[in-house]
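This report concerns only the one structure given below.
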Amino acid sequence: MRDPRLIVAGVLLVALIAVAFVVPQWDPGQIRDWAGSAGSLLPLLFFVAHALATIAIPRIPFTLSAGLLFGPVTGTVVAVCATTVSAALAFLLVRAIGRDAVAARLTHPGVAAVNRRLARRGWLAVGSLRLIGPVPFPLVNFCAGVSSVRLVPFLAATAVGVVPGTVAVVALGDALTGRVDPAMVVVTAVLVVLGVVGLIVDARLGVKQPAVKEPVG
């Protein structure tokens, strides 16, 4: 049986190649102008595509595209909301399928570390894991669904935890157009610093090992 992730990656690659041939003359500024003239339906379609696709694939391409298409403010709002909805869908999907069935298929090398954090720190671990870029976004969602973390705290921690990284990537996408607002640069820098501070605090807190009970003699 073929890995569905490879199929998705192949489809995305074909789509990117097709776009490269269809609009080779467009620069980032022209893409922004086209998005602005497309009306309010484009952000909605983008939101739906982002929320559904990132259930299983990384969200960075969508976050970068949000900044390029919609600018720093709208791009950030769309990306954060779509990310939160995607996390909710993945979480509920795990609960619908069954925790044991999904847990048996979680073979990613980072699963054990994520599960330890979730078991000992609950929704606080979700927020810290959202700040850590190398941990795949779908992996955290699926592990949280398997854990005892409740939906509302999970979503709140997700919405807050993804903001610094999302703002940074959206700002990068916006910068590709060459129309950078200095005020947004300051806001982005502040949020990135807050994200780094959060990582430092999380690292110092660590993940405590459970106490080992002495055998009763």
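The values are calculated or read from the model by the stated rules, or taken from the named source; none is laboratory data. Keep in mind that what you see is a predicted model, and the values were worked out from it rather than measured. Because the Cβ atoms are built from the backbone with ideal geometry, glycine has one as well, and the counts that use them run over all protein chains shown.
Quick notes on this one:
- Among the criteria (1) surrounded by fewer than 15 Cβ atoms within 10 Å (Cβ to Cβ); (2) of a type in the set (Phe, Trp, Tyr); (3) modelled with pLDDT of 85 or more, the one Phe21 does not fulfil is (3).
- Per-region count, region 44-58, residues at pLDDT 90 or above and under 9 Å from the mean Cα position of the chain (by Cα): 1
- Selection status of Arg150, modelled with pLDDT of 70 or more and not hydrophobic (A, V, I, L, M, F, W, C): yes
- Scanning region 40-66 for residues that are in contact (Cβ under 8 Å) with a residue 60 or more places away in the chain and part of a helix (DSSP H, G or I) returns Ile60, Thr63, Leu64, Ser65, Ala66.
- Test result for Leu69, in a helix (DSSP H, G or I), modelled with pLDDT of 90 or more and either touching a strand residue (DSSP E or B) at 6+ places or on another chain (Cβ under 9 Å) or more than 30 Å from Leu176 (Cβ to Cβ) (or both): no
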